[in-house]
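Before any comments, here is the structure.
The values are calculated or read from the model by the stated rules, or taken from the named source; none is laboratory data. Source: prediction; values computed, not measured. Cβ placement follows ideal geometry from the backbone for every residue including glycine, while neighbour counts extend to all protein chains displayed. Heavy atoms of the whole protein, side chains included, go into the accessibility calculation; ligands, DNA and RNA do not. Shrake-Rupley method; radii C 1.70, N 1.55, O 1.52, S 1.80 Å.
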Amino acid sequence: MVEEVSARPVDVGLPAVIVCTTCRSEQGERGAVLAESLQREIARQCLGESVRVVAVDCLNACGEPVSLALTGEGQASYVFNHLEPTNDVADVVSTVKAWLDADRGFIEDASACGRLRFCLTARIPFV
Ligand code: FES
């Protein structure tokens with residue numbers, strides 16, 4: 001089940017894939033579709049004990065849907081935009097795996113990230 005968070009900080013815990021579920025287009029609620037698809041794929045790949053999917057109302061990048069962030073305690077954070085809710089699920093999960101495996105979440109080799117290499121808006125280092 002996708003956690004829902006609105007206007008409050010995400011609880012410290014498992015690393016999180018934060019998905020804006022209010023990102024939408026003429027095709028509808030694309031962010032919500034991405035969040036649900038990610039949750040299913042993370043469960044299918046048995047990653048649910050390593051990372052969680054968190055739904056938020058907005059990541060303040062509304063002009064570049066769908067927006068998604070990776071964040072976790074002691075790890076670099078990443079922000080991605082222009083994600084496709086169905087076509088990018090595999091690349092998001094591959095990116096999540098690379099992020100979880102990387103020292104302090106700092107992905108050195110992004111070759112596994114597929115199209116997400118071109119959707120990265122920000123990488124925030126661990127401090
Ligand atoms: S509606 Fe998705 S970032 Fe604002």
* Find how many whole Å separate the alpha carbon centroid of the range 15-67 from the alpha carbon centroid of the range 84-119. => 14
* Quick one: what does P(r) look like for the range 3-124 with 5 Å bins over all Cα pairs, in whole %? -> 2, 12, 24, 27, 22, 10, 2, 0
* Mean Cβ neighbour count within 10 Å, used as a protection proxy, ranking 104-116, 51-63 highest first -> 51-63, 104-116
* Could you give the size of the charge dipole of the chain about its Cα centre, using +1 on the Cβ of each K and R and -1 on the Cβ of each D and E, expressed in debye and rounded to the nearest 20? => 80
* Asked: With θ set to phi - 60° and the Karplus curve 6.51 cos²θ - 1.76 cosθ + 1.60, what are the ³J(HN,Hα) couplings of the range 69-77 in order, to the nearest whole Hz, using x for Gly and Pro?
  -> 9, 10, 8, x, 4, x, 10, 4, 10
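Roughly how many Å² is the accessible area per residue of the chain, as a whole number, for a 1.4 Å probe? Could the numbers behind the result be given before it?
Working: 7000 Å² over 127 residues.
Result: 55 Å² per residue.
I need to check one value: relative contact order of the chain, counting alpha carbon pairs closer than 8 Å and at least 6 residues apart, in percent.
Dividing the mean separation by the residue count of the chain yields 26 percent.
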* Most to least packed among 91-97, 41-47, 14-20 [average Cβ atoms within 10 Å] -> 14-20, 91-97, 41-47
* Can you list the HN-Hα couplings for the range 112-127, worked out from phi with the Karplus curve (6.51, -1.76, 1.60; θ = phi - 60°), rounded to whole Hz and with x for Gly and Pro? -> 6, 7, x, 5, 5, 4, 9, 10, 6, 9, 8, 10, 10, x, 5, 10
